[in-house]
Amino acid sequence: MDKPQKYDIPTLANIEAPSFHEGDVLVYNTVADKCTPSDYVGRYHIHILCRTGKVQFSLSSRTFTITEGDFSAWTIDSEVTDVLYSPDFDADILLVSRNFLLENNPQSTWATKGYLYIKENPVFHLSNDEWNLLYDDFIHFNERLRRTGHVFRREILGRHMQIFLYDLWGIYAAEINRNKILNDNTANIFTRFLDLVRQKNTESREVAFYADLLCVTPKYLSEVVRRASGKPASYWINGYAVQEIVALLKRQDITISEISSRLNFYSQSHFSRFVKNMLGVSPTEYRNNLECK
């Protein structure tokens with residue numbers, strides 16, 4: 001095996017990195033900040049740029065190793081276990097909260113492709129150019145986090161989040177397009193299902209509704225979606241509904257009652273329960289939190 005490539009780039013440890021007080025975006029260096037990625041498992045989406053050393057972990061009954069020059073993504077719902085770090089492990093980590101990613105994830109088929117690719121390939125070796133591209137994104141996050149007084153700080157961080165995701169998907173693009181899960185008959189139904197959910201999530205959140213449009217039974221659709229993504233159909237239906245809800249809650253010209261009606265909830269109380277279950281707070285609390293940030 002070839003020796004890992006050395007990367008002649010600065011360290012985030014040399015850049016002042018105060019925390020984003022809302023806790024939605026954090027950038028750390030494992031050595032300078034005396035932390036590890038596993039400190040944040042289940043709390044954040046974790047993005048790791050490994051400088052030196054290695055870390056071994058288990059995910060979905062498989063074992064992976066991150067080494068120098070690798071990028072790794074652990075989604076917030078990943079069951080990462082048995083994490084072992086070498087003494088010389090040094091990495092930069094970008095932490096993103098679930099809600100912040102929901103607010104700023106571009107509504108694109110690439111979001112789904114990226115999720116499926118990362119699920120099967122949580123570790124990816126980068127070329128020097130790819131490393132520098134993602135590292136620049138980390139630096140931009142870090143610089144904006146330091147500018148605490150900027151009135152549009154959160155919005156700017158959101159735009160950086162979108163740029164980072166597009167850069168990441170661009171790096172994955174060739175492998176994603178070859179990924180067999182997206183090219184067989186199962187994937188055809190799955191991607192058609194996702195297209196329908198994107199188009200019609202304001203009309204219905206019932207699996208049977210989408211199964212009828214695809215001319216399959218709800219049971220078959222559920223099996224196909226779980227086989228393709230490892231998640232139930234309701235996960236994707238609710239996920240796209242939440243994206244739409246978050247976008248509408250950010251608009252002050254629309255009342256919560258109007259949002260509930262527009263998204264075809266049975267009642268405003270049903271809408272409030274759904275949002276509380278998905279986002280952890282009521283629609284009013286979520287909107288008020290946005291106003292305070």
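The values are calculated or read from the model by the stated rules, or taken from the named source; none is laboratory data. None of these values were measured; they are calculated from a predicted model. Note: ideal-geometry Cβ built from the backbone for every residue, glycine included; neighbour counts use all protein chains shown. Ligands, DNA and RNA are excluded from the accessible area calculation, which covers all protein heavy atoms including side chains. Shrake-Rupley method; radii C 1.70, N 1.55, O 1.52, S 1.80 Å.
Structural remarks
- In region 203-217, residue farthest from W110 (Cα to Cα) [restricted to those that are touching a residue at least 12 places away in the same chain (Cβ under 8 Å) and surrounded by 14 or more Cβ atoms within 10 Å (Cβ to Cβ)]: V216
- Just one residue in the set D129, D212 is of a type outside the set (S, T, Y), over 27 Å from R262 (Cα atoms) and either out of contact with any Phe, Trp or Tyr (no Cβ under 9 Å at 6 or more places or on another chain) or assigned to a helix (DSSP H, G or I) (or both); that residue is D129.
- Residue check for I254: farther than 26 Å from L116 by Cα, at pLDDT below 90 and either aliphatic (A, V, I, L, M) or assigned to a loop (DSSP other than H, G, I, E, B) (or both): yes
- Residue within region 59-69 that is touching a helix residue (DSSP H, G or I) at 6+ places or on another chain (Cβ under 8 Å), of a type in the set (V, I, T), modelled with pLDDT of 95 or more and crowded, with 20+ Cβ neighbours inside 10 Å present: no
- Residue ID - modelled with the lowest pLDDT, chosen from residues in region 144-161 that are in contact with a helix residue (DSSP H, G or I) (Cβ under 8 Å, 6 or more places away or on another chain) and either of a type in the set (A, V, I, L, M, F, W, C) or open to solvent by less than 50 Å² (accessible area, probe 1.4 Å) (or both): R153
- Checked against the criterion of being at pLDDT 90 or above and in a helix (DSSP H, G or I), region 199-208 contains one or more residues that satisfy it.
- Selection within region 229-251 - open to solvent by 20 Å² or more (accessible area, probe 1.4 Å), over 23 Å from A211 (Cβ atoms) and in a helix (DSSP H, G or I): A247
- Matching residues in region 277-293 - criterion: being open to solvent by less than 50 Å² (accessible area, probe 1.4 Å) and either in a helix (DSSP H, G or I) or at positive phi (or both): M278, L279, G280, P283, Y286, R287, L290
- Residue check for K219: modelled with pLDDT under 90 and either more than 24 Å from the chain's Cα centre (by Cα) or not in a helix (DSSP H, G or I) (or both): no
- The residues of region 40-55 that are surrounded by fewer than 16 Cβ atoms within 10 Å (Cβ to Cβ) and either among the charged types (D, E, K, R) or closer than 23 Å to S127 by Cβ (or both) amount to a single one, R43.
- Taking residues in region 255-276 that are at positive phi and free of Cβ contacts under 8 Å to residues at least 12 places away in the same chain, and partners anywhere that are in a loop (DSSP other than H, G, I, E, B) and of a type in the set (D, E), not one pair has Cβ atoms closer than 8 Å while being at least 6 places apart or on different chains.
- Strands (runs of 3 or more DSSP E) fully within region 54-126 that include at least 2 residues being among the polar types (S, T, N, Q) and over 26 Å from N277 (Cβ atoms): 54-59, 62-67.
- Scan of region 253-277 for residues that are touching a Leu at 6+ places or on another chain (Cβ under 9 Å) and within 27 Å of R153 (Cβ to Cβ), ordered by number: I254, I256, I259, V275
- Some residue of region 23-42 being under 29 Å from R192 (Cβ atoms) and among the polar types (S, T, N, Q): no
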